[in-house]
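The values are calculated or read from the model by the stated rules, or taken from the named source; none is laboratory data. Given the structure is predicted, the values throughout are model-derived calculations rather than measurements. Methodologically, a virtual Cβ is constructed for each residue, glycine included, from the backbone with ideal geometry; neighbour enumeration extends over all protein chains shown.
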């Protein structure tokens, strides 16, 4: 092992949902994205040797925590990314702190990861519920949608989304005229949509995710909601959800995302490389882009430190270095572990405007990073002093 | 605007109508389950997965063969039924002499396999399937906007349920079926091919599930988990209605759809559990179900 | 459809009667298990072992009700999960030491078992199973909405704490020792119950209830008693699991967890003493090592269900018992 002394071994674990409700935004795509990042970083040139492993947490916090523990204790994994499910991400974050490794979550929504449950070993990439509330909520009110009716999935995530968005609506001079709690999960939203229609609100906010969102949008189309003049605002929607709905059903839906494959030449180039390795040629979602981006940044930090031994030190280094990658542009990681970058308000194209299976969004506006995320001092993160 | 318990009557009627529409799905699915249990003594846990297959077959017919909704209504139940017949011959028939809880375990395993395979192949976000043009749009009723497609669902499911009930209760074929399950040895002694009847019954029961799947495809997300979500509720419906009673499950299906609809108006958080609460109450008071035959 | 008659004719899991020689064999097996428990952490990963032990206890508790009570419960996750939540809550928010937290969880499961059992045992066979499923679904929806359970985030960062206020359980090996003791105690307790006069009456009721009643035994009281015992031990397993993994989540009360414990018991051997332990070992190992294959885990579990029901109804231990002609 001649040059071993000069080489640092790095092992990255992609711990996501490969079989459950979030497998389309996570799954194999996250592994592909991570591998592309390693390819682009050219680790040999920096004295690193990188290995990638992956596993399925099945959206179960105890499975996720157990895999994380085993990876850290027995398999010499240095950093875990993906995560995706909020409850699992929180569990992985705790284990990571205990073992002093690194966890960069991409897909989970809970803003608690950079709030009361923040740790020196965790970074939250891509988005969180506060950013979505600010993005879709704030932007829609400013565009004239000042009366809202919420369809809220009756569990913590849905309620948090409604609460955060209502705060933003009120701050911008809008009014919430009503809301209804839908049992989680539900497949039939007809009665709730009827109530929303009856309320006369200009915007119907969908405080739900995944299949609930898809079903509510599909059925809203059936009841002629958008023809009746009401706008649908999806508070947590991914490009994969819109793809499965199709533009005919989802047209006019307004949503906020930090990444879209067709945004610029660089995102397009990455997306083509990504699609070639995916079954069905799927384009990357924001979560996949996040994995690419955070793996790249992590490797840069490790290359400078020349070691992976101290997770907290690595995270501190990642916070000290500003981020710059082809997918999210320039950004920064704050003291509470929140990554800051711009987000975009999108509207789903009409079928006539769409020239391809994945040609789904048109950009309405850019929301600057420093405005869309929760301010540093409002998070109750113990790492933030003063 | 008049109100009942604080809810405008207009909204109330709208919700009741929607509840009836949901009830149609429960009715067809529980009809299939009740037939299979009543006549075969098998608790078919795979029913939800086969319902999902019906929706997927409809999507496949459209995507790979360009055959639209009306073709799917006829073909998808046949495909699912044929698959069911294969399952019955190869696997399920071996369990007839055993405690029927083994049937439950076997079909539970089958459901896991079928759903897992579809998940692997198609992901979980769901596939697009549109309402056929002839049925899109709706009627502006005084108390709500009623999508034409939803009205069609009620009509279709009522027709199928009544037709099935007529066949089983009023025709000679139905009589043979009922006799074969009461006393298979005797009926076989008369020269009737009992195993064939059982196979066809299972096939028919799951074909009904497939039919419900096609009805669901345009309005619910076509994804591999769509069956898992609905199967437990349908079980509750069948238990409440009476596990051998065909007419019982149909009436209960519609009735429970109505109850669920009402709950969604007055106390939406409980609409998921109300059916289970009713099930426990019914089981304590009248264990064979509302329309069941033996205690 | 005379369901009860069908059930009496071929009870789903009939255990073989035990003689004195068999008891000696069993004692030997217990010693063997104790030795394995001591030696295993030197070779295998302690956290994985603890998971196996918790689920083995859960499966043993479930099997008590099924194999010896003749009652197939589809809602055992309710006791496992609720106990897990209460234990996590008392340990994290009320500052209980681990043994008190586990006790709180176990007591919760016992009470829940009492209430649900009283409702469910009024009916038999498939109706009994359906009632347990419905009740467990209500527990699931309650857990989804209640504030103290944390909804779908669950209760996270539960402290391992210090046993009796003195021995820190943060080290996995110390925790393992506790779990091993709990498991041994639970297993021996179940064995004692099965081979006691109470257990004999239970078997009589399971095999022919009308006759047992005609002999003067209050069948319902016995069935309720075994139901509560089963729920309590399932709760013990759940509480211990909450401390080991330091979290309690919706997974623990979901109906698929009820399905998993049925699978473990089926694979290991329903109605055998040691079957559930083997079943838990097999299923947990399968899940751990197949996690990297993602979607295939549920498919493989489904195949295991199907194969076991068709070809392999006695389960692994049941098969061994048949071969050596001794009850296990």
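Of all residues in region A:240-256, exactly one satisfies the criterion of being surrounded by fewer than 24 Cβ atoms within 10 Å (Cβ to Cβ) and in a strand (DSSP E or B), namely A:254. Quick check: is even one residue across region A:151-158 in contact with a strand residue (DSSP E or B) (Cβ under 9 Å, 6 or more places away or on another chain), more than 21 Å from residue B:226 (Cα to Cα) and within 14 Å of chain C (Cβ to nearest Cβ)? Yes - at least one qualifying residue is present in region A:151-158. Taking the conditions exactly as written (buried (at least 22 other Cβ atoms within 10 Å of the Cβ) and at positive phi), does residue A:174 satisfy them or not? Spelling it out, it is not the case that residue A:174 is buried (at least 22 other Cβ atoms within 10 Å of the Cβ) and at positive phi. Of the strands (runs of 3 or more DSSP E) lying entirely inside region A:77-158, the ones with 3 or more residues being buried (at least 24 other Cβ atoms within 10 Å of the Cβ) and more than 14 Å from the chain's Cα centre (by Cα) are found at A:147-153.
From the list B:109, B:116, the lone residue that is closer than 29 Å to residue A:209 by Cα, facing chain C (nearest Cβ under 10 Å), buried (at least 22 other Cβ atoms within 10 Å of the Cβ) and over 20 Å from the mean Cα position of the chain (by Cα) is B:116. Looking at region B:64-75, is at least one residue modelled with pLDDT of 90 or more and touching a strand residue (DSSP E or B) at 6+ places or on another chain (Cβ under 7 Å)? No: region B:64-75 contains no residue that is modelled with pLDDT of 90 or more and touching a strand residue (DSSP E or B) at 6+ places or on another chain (Cβ under 7 Å). Considering every residue within region B:189-198, establish whether at least one is under 17 Å from residue B:46 (Cβ atoms) and either modelled with pLDDT of 85 or more or more than 14 Å from chain A (Cβ to nearest Cβ) (or both). There is at least one residue in region B:189-198 that is under 17 Å from residue B:46 (Cβ atoms) and either modelled with pLDDT of 85 or more or more than 14 Å from chain A (Cβ to nearest Cβ) (or both). Entry remark, region A:21-63: residues being within 10 Å of another protein chain (Cβ to nearest Cβ), assigned to a loop (DSSP other than H, G, I, E, B) and either more than 30 Å from residue A:184 (Cα to Cα) or free of Cβ contacts under 8 Å to residues at least 60 places away in the same chain (or both) number 5 in total. Scanning region B:2-39 for residues that are away from every other protein chain (no Cβ under 11 Å) and at pLDDT below 85 yields B:2, B:3, B:4, B:5, B:6, B:9. If you go through region C:206-221 and keep only what is surrounded by fewer than 24 Cβ atoms within 10 Å (Cβ to Cβ) and touching a residue at least 60 places away in the same chain (Cβ under 8 Å), you end up with C:207, C:208, C:209, C:220. Restricting region C:162-190 to residues that are within 12 Å of chain A (Cβ to nearest Cβ) and assigned to a loop (DSSP other than H, G, I, E, B) leaves a set whose member that is farthest from residue C:246 (Cα to Cα) is C:171. Among the conditions (1) modelled with pLDDT of 90 or more; (2) closer than 30 Å to residue B:19 by Cα; (3) part of a loop (DSSP other than H, G, I, E, B), residue A:184 misses just one, which is (1).
Just one residue in the set C:89, C:79, C:85 is over 30 Å from residue C:220 (Cβ atoms) and touching a helix residue (DSSP H, G or I) at 6+ places or on another chain (Cβ under 9 Å); that residue is C:89.
As a summary of the residue check, residue A:271 satisfies the conditions (1) touching a strand residue (DSSP E or B) at 6+ places or on another chain (Cβ under 8 Å); (2) within 21 Å of residue A:354 (Cα to Cα); (3) not in a loop (DSSP other than H, G, I, E, B) except for the one numbered (1). The set of residues in region B:119-129 that are without any contact (Cβ under 8 Å) to a residue 24 or more places away in the chain and either facing chain C (nearest Cβ under 7 Å) or in contact with a helix residue (DSSP H, G or I) (Cβ under 7 Å, 6 or more places away or on another chain) (or both) contains only B:120. Of the helices (runs of 4 or more DSSP H) lying entirely inside region C:62-161, the ones with 3 or more residues being within 14 Å of chain A (Cβ to nearest Cβ) are found at C:77-93, C:125-145.
Do we find a residue being over 21 Å from residue A:211 (Cβ atoms), touching a strand residue (DSSP E or B) at 6+ places or on another chain (Cβ under 6 Å), modelled with pLDDT under 90 and within 14 Å of chain A (Cβ to nearest Cβ) anywhere in region B:273-284? No, the conditions are met nowhere in region B:273-284. Among all residues of region A:66-75, there is none that is over 16 Å from residue A:12 (Cα atoms), assigned to a helix (DSSP H, G or I) and more than 7 Å from every other protein chain (Cβ to nearest Cβ).
Is it the case that residue A:242 is in contact with a strand residue (DSSP E or B) (Cβ under 8 Å, 6 or more places away or on another chain), more than 28 Å from residue B:17 (Cβ to Cβ), away from chain C (no Cβ under 14 Å) and modelled with pLDDT of 85 or more? Yes: the conditions hold for residue A:242.
Among the residues examined, residue B:140 does not qualify as within 14 Å of chain A (Cβ to nearest Cβ), touching a residue at least 24 places away in the same chain (Cβ under 8 Å) and under 29 Å from residue B:18 (Cα atoms). Given (1) surrounded by fewer than 22 Cβ atoms within 10 Å (Cβ to Cβ); (2) in contact with a strand residue (DSSP E or B) (Cβ under 7 Å, 6 or more places away or on another chain); (3) on the phi < 0 side of the Ramachandran plot, where does residue A:291 come up short, assuming only one miss? Of everything listed in (1) surrounded by fewer than 22 Cβ atoms within 10 Å (Cβ to Cβ); (2) in contact with a strand residue (DSSP E or B) (Cβ under 7 Å, 6 or more places away or on another chain); (3) on the phi < 0 side of the Ramachandran plot, residue A:291 misses just condition (1).
Being out of contact with any helix residue (DSSP H, G or I) (no Cβ under 9 Å at 6 or more places or on another chain), more than 9 Å from chain B (Cβ to nearest Cβ) and free of Cβ contacts under 8 Å to residues at least 24 places away in the same chain is a condition met by at least one residue of region A:256-264.
When region A:279-326 is filtered for residues that are closer than 19 Å to residue A:96 by Cα, outside any helix (DSSP H, G or I) and in contact (Cβ under 8 Å) with a residue 60 or more places away in the chain, the ones remaining, listed by number, are A:307, A:308, A:310. Checking each residue in region A:211-237 for being in contact (Cβ under 8 Å) with a residue 40 or more places away in the chain, assigned to a helix (DSSP H, G or I) and buried (at least 24 other Cβ atoms within 10 Å of the Cβ) picks out A:212, A:216.
Restricting attention to region B:143-158, the residues that are over 16 Å from residue B:19 (Cβ atoms), more than 7 Å from every other protein chain (Cβ to nearest Cβ) and touching a residue at least 40 places away in the same chain (Cβ under 8 Å) total 1.
So is residue B:254 at pLDDT 80 or above and away from chain A (no Cβ under 14 Å) or not? Spelling it out, residue B:254 is indeed at pLDDT 80 or above and away from chain A (no Cβ under 14 Å).
Just one of the listed residues (B:268, B:224) is touching a strand residue (DSSP E or B) at 6+ places or on another chain (Cβ under 7 Å), more than 21 Å from residue C:120 (Cα to Cα) and within 11 Å of chain A (Cβ to nearest Cβ), namely B:268. I'm trying to understand the selection: among the residues of region B:199-232, which are at pLDDT below 85 and assigned to a helix (DSSP H, G or I)? Answer for region B:199-232, where residues must be at pLDDT below 85 and assigned to a helix (DSSP H, G or I): B:228, B:229, B:230, B:232.
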